[in-house]
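The values are calculated or read from the model by the stated rules, or taken from the named source; none is laboratory data. Bear in mind that the values here come from a model prediction, so they are computed numbers and not experimental data. Ideal geometry is used to build each Cβ from the backbone, glycine not excepted, and the neighbour counts take in all protein chains shown. Heavy atoms of the whole protein, side chains included, go into the accessibility calculation; ligands, DNA and RNA do not. Shrake-Rupley method; radii C 1.70, N 1.55, O 1.52, S 1.80 Å.
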Amino acid sequence: MNLLTLRQSKTQSKTSTVTSIRSGVVLAAVALALAGCGTTAGASPDGADGAAEPAAQNVTLADGWVKAGDSGMSAAFGELTNAGPDDVTVVSATTEASSMLELHETVENESGEMIMREIEGGFVIPAGDTLTLAPGGSHIMLMDLTDPLEAGEEVTFTLTFADDSTYEFTAPVKDYSGANENYVGGDAEMDMGDADSDADSTGTDG
């Protein structure tokens, strides 16, 4: 083998080695990239495929109760707790005990009177916190009772959240004479304090 042939052989060998090394580096980089994508696009702490948990999965109601009444209006109360990592919003409520429900807040008007009104956007339950529904405050308003609500009965409600998930709870009916705020909606002004019995055992005043 002459000198020129030897030099050409060495050059081809070096070129082949460099090409092999570069190919190996590129393949390794591609493999790492794919592995990274698989980690981030796969499971997450919130659930499969990065989907957040349904709001209803993190919400519970404690100490729920419903105001007794013969007809017209009533209200539901309790402690709504959100155990999840994000705020959740209750946008509506339904029950067979009433043909129309609204989510209400109680505020003071220009005359200093306490009035009930529908809350815009619904009830927000902060992450890891509790929203209290109570006489004289926020509550679920039953606008048109389908039948009298008598103490000792139970009423089932379904709450719907902003993500369309739902949560069902059942609450007992109690006699209560407080919560006499006026409801102002459009031209209507109604009083939900039509029960003439004593307050329930908690002694809460509206």
Original post:
Do we find that Gly136 is touching a Gly at 6+ places or on another chain (Cβ under 9 Å), open to solvent by 20 Å² or more (accessible area, probe 1.4 Å), on the phi > 0 side of the Ramachandran plot and in contact (Cβ under 8 Å) with a residue 12 or more places away in the chain in this structure?
Top reply: yes
Subject >> Subset of segment 69-96 (residues that are assigned to a loop (DSSP other than H, G, I, E, B) and of a type in the set (Phe, Trp, Tyr)) >> reply: none
Subject >> Residue list for segment 62-92, restricted to those being among the polar types (S, T, N, Q) and open to solvent by 10 Å² or more (accessible area, probe 1.4 Å) >> reply: Ser71, Thr81, Thr89, Ser92
Subject >> Condition check for Thr95: crowded, with 18+ Cβ neighbours inside 10 Å, modelled with pLDDT of 95 or more and polar (S, T, N, Q) >> reply: yes
**OP:** Working only within segment 133-174, note down all residues that are modelled with pLDDT under 95 and not small (Gly, Ala, Ser).
**Re:** Pro135, Met143, Asp144
Original post:
Here are Asp129, Asp164: which of them is open to solvent by 60 Å² or more (accessible area, probe 1.4 Å) and touching a residue at least 12 places away in the same chain (Cβ under 8 Å)?
Top reply: Asp129
